[in-house]
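Worksheet: one structure, shown below.
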Amino acid sequence: MSQTRSQQTALVHSDYTAPGGFMGCSAAVQRVSTVLFENVATLRARGADPLARSAYTYGLFGTPASYELEARLAELEGGSHCLLTPSGLAAITMVDLALLDRGDDVLLPENVYSPSRDLGDWLNAKFGVSARFYDPMAGAEVAAMIQPNTRLIWVEAPGSASMEVPDVPAIAAAAHARGVLVALDNTWSAGLAFKGFDHGADLVLQALTKYQSGGSDLLMGAVITRDPDLNRRIGLAHMHLGLGVCMEDVYLVLRSLPTLNLRFQAHDAGARQVAAWLATRPEIARVLHPALPGCPGHDIWKRDFRGAGGLFSVLFDPRFAEADTDRFVDGLRLFGIGFSWGGAISLCVPYRMQHMRGNWREPGQLVRFNIGLEDPLDLIADLEQAFRAL
Ligand SMILES: Cc1ncc(COP(=O)(O)O)c(C=O)c1O
């Protein structure tokens, strides 16, 4: 350290340079807002286009760790570009704000993630964008809903409470015939069990909050495209909205990626075991698990999907009122009561479907399960004791 500096300056600046050649198994995380340039010439010559991901400008626009996570998520989905957002919902909003203008129309499935439905109302009130709802099982018939001002159709594969598996290729064919873009929320399959681009999606969204984190401890979203122009359109909204992500969280997702497939398979096996057991119970009228017959779109799941993960729902026999199923959920010991999925701890949520969907006609209370990484036999024993209390 230089002798001429004051102690205070030495506390801020250091001439020390660590030796090069260091390698570890984990990504290096840089916590930065300011990115430093070697000299004015490099500052001036920096890639003026942050979307090119070829240089560094400012923490908001990316670091080596966030570029790496983007590249790896794009590869996983079979895309070429990826934009990270501070939550899955931020990713949905970013896509809508990027692709919809005043007077445009967007189609959402009736089973869409509820905040996305509310977002439709907000877009309508603020920007005059109309959001209309289609039957998630409409398939090619969605064509009848497309208007000259329809720009975007959202698809959830499957709906994350009522679990209908949509015919994405049929919806995409109908959309593309009219020049409409298809946005797929592919969170349920983690990008592993369903390949959105192969089935016609133009952009794929992931709530990394779920399986990619795996820890129920962070929020993040991603939008993946394979068309540079579409990435640019969405990327402009990403920049203007200033949607930076926390690099510690990027690190945690990078750390979880190597086990993503193994965890997903464990969730999948456990969920199928628990779902099959629930299907034998007299208290349960229907199990809504895409891999089990009886779930709307089960045949489509068999045709298009390669796995199922941990999330499914059941419909209780209509003889049980809401107070009964609430008592059942309260009686569970291993299942936490809470939203989301993809973490190690099993979760359970009762849904008021009539409140969420005015045209919901299925009798019986809907309860959603996220099967975590506990031994499925212990989960079954827990469910059994909660059934006894009914
Ligand atoms: C299907 C689906 N998409 C997106 C999101 C949004 O994810 P986040 O919680 O990261 O905002 C959720 C959250 O539960 C979801 O269920």
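The values are calculated or read from the model by the stated rules, or taken from the named source; none is laboratory data. Here the structure is a predicted model, which is why all the values come from computation and not from measurement. Here Cβ is always computed from backbone atoms with ideal geometry, including for glycine, and neighbour counts include all displayed protein chains. Just the protein is used for accessible areas: all its heavy atoms, side chains included, with ligands, DNA and RNA removed. Shrake-Rupley method; radii C 1.70, N 1.55, O 1.52, S 1.80 Å.
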More than 18 Å apart - percent of Cα-Cα pairs taken over the range 277-344 = 49 percent
Rounded to the nearest 500, what is the 222 nm mean residue ellipticity of the chain from helices alone, with -39500 (n - 2.57) per DSSP H run of 4+ residues and division by all residues?
-> -10500 deg cm²/dmol
Can you give the convex hull volume per residue for the Cα atoms of the range 1-79, as a whole number of Å³?
-> 144 Å³
In Å, descending, principal axis extents of the Cα set of the range 228-318 | 53, 28, 28
What size of dipole, in debye to the nearest 20, comes out for the chain about its Cα centre when the only charges are +1 on Lys and Arg C-beta atoms and -1 on Asp and Glu C-beta atoms?
-> 460 debye
Accessible area per residue of the chain at 1.4 Å probe, in Å²?
-> 46 Å²
Helix 322-331 versus the longest principal axis of the chain: what is the Cα-based angle in degrees, 0 to 90, to the nearest 10?
-> 60 degrees
Please identify, among D49, D299, D105, the residue showing maximal mean-square fluctuation in a Gaussian network model of the chain using a 10 angstrom Cα cutoff.
-> D49
Please report, to two decimal places, log10 I(q)/I(0) for the range 189-274 at q = 0.14, 0.16, 0.18, 0.26 Å⁻¹ as given by the Debye formula with identical point scatterers on the Cα atoms and no solvent.
-> -0.60, -0.76, -0.92, -1.28
Helix 228-240 sits off the longest principal axis of the Cα atoms of the chain, rounded to the nearest 10 on a 0 to 90 degree scale, by 80 degrees
Computed Rg/Rh of the range 121-270, alpha carbon atoms with Kirkwood Rh = 0.98
Expressed as a whole percentage, what fraction of the accessible surface of the chain belongs to carbon and sulfur atoms when a 1.4 Å probe is rolled over the protein heavy atoms?
-> 54 percent
Rounded to whole Å and sorted largest first, list the principal axis extents of the Cα atoms in the chain.
-> 83, 52, 36
Computed over all unlike Cα pairs, the Kirkwood hydrodynamic radius of the range 157-220 in Å stands at 12.5 Å
Order by protection proxy (mean Cβ within 10 Å, highest first), peptides 248-258, 90-100 | 90-100, 248-258
What order, most packed first, do the peptides 55-61, 338-344 have when packing is the mean number of other Cβ atoms within 10 Å of each residue?
-> 338-344, 55-61
Once Lys and Arg get +1 and Asp and Glu get -1 on their Cβ, which of A55, L100, N111 lies farthest toward the positive end of the dipole of the chain?
-> A55
